[in-house]
Amino acid sequence: MIRRSARTGILAAVALSGAIALAGCASGDPASTDSASGYVTEGKLTIGTAEPAYSPWVLDDDPSSGEGYESAVAYAVAEQLGFDEDDVVWVRTTFDQAIAPGPKDFDFNLQQFSITDERKEAVDFSSPYYETTQVVITLESSPAASATSIADLKPLTIGAQTGTTSLDAIEEVIAPDSAAQVFNSNDDAKLALQSGQVDAIVVDLPTAFYLVGAELDGGKIVGQLPETAGTGDAFGLVLPKGSALTADVTAAVDALREDGTLDDLAEEWLASAGNAPVLQ
């Protein structure tokens, strides 16, 4: 790991190689992380995210603000790596660009990337910085809109996509009085909610924020279901395949998990700011 105090001397020692790397970036080619430290740019931490980046992951599409869960996590990781806020540089990529094979113009990227074996063939991942929860969503006009507990949900008709952990969560966590309604897709479940066929549906947290914010007129998040084993996807920071930084970035994420920072940030930006309380 290269701390700020060490990077000053390194800047002079790698001036020539740094100039070559910058020339390559200026030509429009993806940056190469072949510097002595493994960083795209010596003395800087270059972080990628989506364009646009949506709330509550990034507020107002401004990752440099440090507001929003992923923006806050990024700056917390930067601090663990020894970088000041002024040393952080943001770049934008599409989701597919970030996980495609090949060189990258970022040191790590975060935009809700689920860690999968298939993706690990093309890129590196840090350890998880967030595991998705299952969320109950409804319409403001629905009987479910006033629910504040799992007990309130039991008399209601609730649906989810077939073969998903969302459906498992309905059956295992809510255990409604009537059988869960099963749909071929989240789109079908959404239409059933809009037509009044069901009182509420269960989806993962990122899908809940998207449906309520972009697709459901009068949509409302009732709350998150308590975590149970295997009910969510693990999100990791994406790094170039074989990055020299993977171990250090993973250690930074692990430290933030162990000291409670990740939980605190999730409570601030996803539960409270995102209006997704945990139902009991």
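The values are calculated or read from the model by the stated rules, or taken from the named source; none is laboratory data. Computed from a predicted structure; not experimentally measured. FYI the Cβ positions are ideal-geometry reconstructions off the backbone, even for glycines, and counts take in every protein chain you see. These area figures cover heavy atoms from the full protein model, side chains too; ligands, DNA and RNA do not enter into them. Shrake-Rupley method; radii C 1.70, N 1.55, O 1.52, S 1.80 Å.
Across the range 36-74, which residue is farthest from Leu205 (Cα to Cα) among those that are acidic (Asp, Glu) and assigned to a loop (DSSP other than H, G, I, E, B)?
Going through the range 36-74, the residues acidic (Asp, Glu) turn out to be 42, 51, 60-62, 67, 70.
Remaining after also requiring assigned to a loop (DSSP other than H, G, I, E, B): 42, 51, 62, 67.
On the way: Glu42: 36, Glu51: 20, Asp62: 21, Glu67: 18 Å.
The selected residue is Glu42.
A quick yes/no check of all residues on (1) surrounded by fewer than 20 Cβ atoms within 10 Å (Cβ to Cβ); (2) modelled with pLDDT of 95 or more; (3) within 14 Å of the chain's Cα centre (by Cα):
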site	(1), (2), (3)
Trp57	no, no, yes
Gln111	no, no, yes
Arg119	yes, no, no
Ser127	yes, yes, yes
Glu131	yes, no, yes
Output the number of the condition that Leu191 fails; it satisfies all remaining conditions of (1) more than 20 Å from Ser146 (Cα to Cα); (2) open to solvent by less than 40 Å² (accessible area, probe 1.4 Å); (3) aliphatic (A, V, I, L, M); (4) modelled with pLDDT of 95 or more.
(2)
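Results for (1) closer than 16 Å to Thr133 by Cα; (2) under 23 Å from the mean Cα position of the chain (by Cα), shown as yes or no for each residue.
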residue: Thr165; (1), (2): yes, yes
residue: Asp168; (1), (2): yes, yes
residue: Glu171; (1), (2): yes, no
residue: Gln181; (1), (2): no, no
residue: Leu191; (1), (2): no, no
residue: Gly196; (1), (2): no, no
residue: Asp199; (1), (2): no, no
residue: Pro206; (1), (2): yes, yes
residue: Phe209; (1), (2): yes, yes
Taking the range 157-196 and keeping residues more than 21 Å from Glu140 (Cβ to Cβ), of a type in the set (D, E, K, R) and touching a Leu at 6+ places or on another chain (Cβ under 9 Å) leaves Asp177
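For Gly219, are the conditions met, namely being on the phi > 0 side of the Ramachandran plot and not polar (S, T, N, Q)? So that I can check it myself, show each step before the final result.
Working: on the phi > 0 side of the Ramachandran plot: no; not polar (S, T, N, Q): yes.
Considered against the rule, which asks whether it is on the phi > 0 side of the Ramachandran plot and not polar (S, T, N, Q), Gly219 comes out as no.
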Go through the range 237-280 and count every residue that is among the polar types (S, T, N, Q), open to solvent by less than 60 Å² (accessible area, probe 1.4 Å) and free of Cβ contacts under 8 Å to residues at least 24 places away in the same chain.
0
If a residue counts only when it is touching a Ser or Thr at 6+ places or on another chain (Cβ under 9 Å), which helices (runs of 4 or more DSSP H) contained entirely in the range 175-280 have at least 2 such residues?
186-195, 205-210, 246-258
Evaluate the following for Glu140: is it out of contact with any strand residue (DSSP E or B) (no Cβ under 9 Å at 6 or more places or on another chain) and surrounded by fewer than 17 Cβ atoms within 10 Å (Cβ to Cβ)?
no
